[in-house]
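The block underneath contains the structure these notes are about, expressed in structure tokens.
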Amino acid sequence: MAARYQLKVVTDFASAHTLRDYPGACSRMHGHNWKVEAEVMGETLDSIGLLMDFKDLKQIVKDILSELDHKFLNKLEAFKDSNPSSELLGKFIYGQIKPCLPEGVSLVSVSVWESEKACAVYFE
């Protein structure tokens, strides 16, 4: 079996949302300081021993999250017909990161934390 390497970066953003048709307080506008973890994997290191530069992975995630930061998520095109739940945010962020990765590096998962004690993980 070939060696595998995994990298993970952690960052955050702040935004507001509502959960349509939710039977409780979350149906009203509220905000979160979301924490996002993105984990990638690959088998081949470059000539200096890196799967990919952490700096590059952080920048990819930062650029994607900048589109969500300090926004009302329900107004974004991606969530016009669906709730911006932690689960669907994870799926959305995953779909944005995946095509930005270099050849030989695959996305393992995206975790979206809405509080210190609650997160959703999306993976394919």
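The values are calculated or read from the model by the stated rules, or taken from the named source; none is laboratory data. Please read these numbers as outputs of a predicted model, since none were measured by experiment. Methodologically, a virtual Cβ is constructed for each residue, glycine included, from the backbone with ideal geometry; neighbour enumeration extends over all protein chains shown. Calculation scope for accessible area: heavy atoms of the full protein, side chains included, ligands and nucleic acids excluded. Shrake-Rupley method; radii C 1.70, N 1.55, O 1.52, S 1.80 Å.
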Quick one: PRO99 ticks every box in (1) under 18 Å from MET52 (Cβ atoms); (2) part of a loop (DSSP other than H, G, I, E, B) bar one, so which box is it? (2)
Scan segment 70-88 for residues that are among the acidic types (Asp, Glu) and over 12 Å from the mean Cα position of the chain (by Cα) and jot them down. GLU77, ASP81
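Give the residue, chosen from ILE60, ILE93, ILE48, ILE97, that is under 23 Å from TYR5 (Cβ atoms) and touching a Cys at 6+ places or on another chain (Cβ under 8 Å).
On the way: ILE93 fails: touching a Cys at 6+ places or on another chain (Cβ under 8 Å); ILE48 fails: touching a Cys at 6+ places or on another chain (Cβ under 8 Å); ILE97 fails: touching a Cys at 6+ places or on another chain (Cβ under 8 Å).
Being under 23 Å from TYR5 (Cβ atoms) and touching a Cys at 6+ places or on another chain (Cβ under 8 Å) holds for just one of ILE60, ILE93, ILE48, ILE97, which is ILE60.
Anything in segment 15-45 that is among the charged types (D, E, K, R), under 30 Å from ALA2 (Cβ atoms) and in a loop (DSSP other than H, G, I, E, B)? List them, or say none. Please lay out each step first, then the result.
Just the residues of segment 15-45 that are among the charged types (D, E, K, R), to begin with: 20-21, 28, 35, 37, 39, 43.
Still in the running and under 30 Å from ALA2 (Cβ atoms): 37, 39, 43.
The answer is GLU43, and nothing else.
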If I ask for residues that are open to solvent by 80 Å² or more (accessible area, probe 1.4 Å), more than 26 Å from MET41 (Cβ to Cβ) and without any contact (Cβ under 8 Å) to a residue 40 or more places away in the chain, which ones from segment 69-115 would you list? LYS75, GLU77, LYS80, ASP81
Test each condition in (1) over 15 Å from TYR122 (Cβ atoms); (2) under 14 Å from the mean Cα position of the chain (by Cα); (3) surrounded by 12 or more Cβ atoms within 10 Å (Cβ to Cβ) for SER66 and report the one that comes out false. (3)
